[in-house]
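Engineer: There's a structure below that I have some questions on.
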Amino acid sequence: MKVIALNGSPRLLGNTSNIVMDMLDEFAREGIETEHIQLFSYNFITCNDCRSCEMRGDGRCIHEDDELNSIMDKMREADGIILASPAYYGTVSSQMKIFLERAGLSFETGDLGLRRKVGGAVSVAAHDGATMAYSEMVNFMLRNQMVVCGSTPQTVFRALNSPQYLEDKGAVKAVSTLVREMIWTMEHFQKK
């Protein structure tokens, strides 16, 4: 099994990145292969709703030069997908937003390449927006017919500077719950 995490934070060692690394460590301890993709390493072109993905129907975006399609291919191959983003101004980061729009249209109007993949979301904000960011990422997964795992409480952190996320004990506990739920669901799907 393999889990990939798409991280929308521009900070390599910020709260979001550290949470993702903690999650991937938990998966790795269970023998699951992991990959951490920093979306800010890419210069994604914005979506202009050209609908070429719909006309082609192959689940690929017409823009081949910015590696979005290669990330989408990795998502197709993975068993589990984590979307993680800070909320700087009320919702997901700008890089995550571009990714969700382009990948979402390409998957949704093309091959439904994420159908029945197992997903989870994590968001972080100093004050406002983490719940909205979480909801936006979960909505992306639901629209792409993924099986979304949750936790109690949600994996919504309140933190400003890293490692302040560790002070949010409820959200830290929720991350472990989310990991366990994703593993259980992926194992269940493998048995079928």
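Where a number appears in this text, it was derived from the coordinates with a stated rule and is not lab data. Keep in mind that this is a model prediction, so the values were computed, not measured. Neighbour counts are summed over all protein chains in view; Cβ atoms, including those assigned to glycine, are modelled from backbone coordinates with ideal geometry.
Engineer: Please compute the alpha carbon radius of gyration of region 121-192, then divide it by the globular-protein estimate 2.2 N^0.38 Å. Two decimals is fine.
Structural biologist: Working: Rg = 13.4 Å, N = 72, 2.2 N^0.38 = 11.2 Å.
Normalised by 2.2 N^0.38 Å, the Cα Rg of region 121-192 equals 1.20.
Engineer: GNM on the chain, C-alpha springs below 10 Å: top fluctuator among Gly31, Gly129, Gly80?
Structural biologist: Largest GNM mean-square fluctuation: Gly31.
Engineer: Please name which of Gly31, Ala87, Ala5 has its Cα lying farthest along the dipole of the chain towards the positive end, using unit charges on Cβ (Lys, Arg +1; Asp, Glu -1) and the Cα centre as origin.
Structural biologist: Final value for the positive-end residue is Gly31.
Engineer: Given a cut-off of 21 Å, name the pairs among Lys2/Lys169; Lys117/Lys191; Lys2/Lys97; Lys2/Lys192; Lys74/Lys97 whose C-alpha atoms lie farther apart than that in the structure shown. Display every interim value, and only then the final one.
Structural biologist: Values: Lys2/Lys169 27 Å; Lys117/Lys191 14 Å; Lys2/Lys97 24 Å; Lys2/Lys192 17 Å; Lys74/Lys97 19 Å.
Lys2/Lys169; Lys2/Lys97, as the Cα separations exceed 21 Å there.
Engineer: When a footprinting reagent is the concern and you count Cβ atoms within 10 Å, what order do Ser70, Ser17, Ser106, Ser123 take, fewest first? List each step's numbers first, then the result.
Structural biologist: Numbers: Ser70 12, Ser17 22, Ser106 25, Ser123 31.
Listed from fewest to most nearby Cβ atoms, that is Ser70, Ser17, Ser106, Ser123.
Engineer: To continue, here is another question. Among Thr46, Thr155, Thr16, which one moves the most in a GNM of the chain with springs linking Cα atoms closer than 10 Å?
Structural biologist: Evaluated over the chain, the most mobile residue of the options is Thr46.
Engineer: Still on this model: For the chain, modelled as a Gaussian network with Cα springs under 10 Å, which listed residue fluctuates most, Asp168, Asp49, Asp111?
Structural biologist: Looking only at Asp168, Asp49, Asp111, the largest GNM fluctuation is found for Asp49.
Engineer: Based only on Cα atoms, what mean projected area does the convex hull of the chain have, in nm²? All intermediate terms of the calculation are to be shown ahead of the outcome.
Structural biologist: On the way: hull surface 39.6 nm².
Mean projected area of the Cα convex hull: 9.9 nm².
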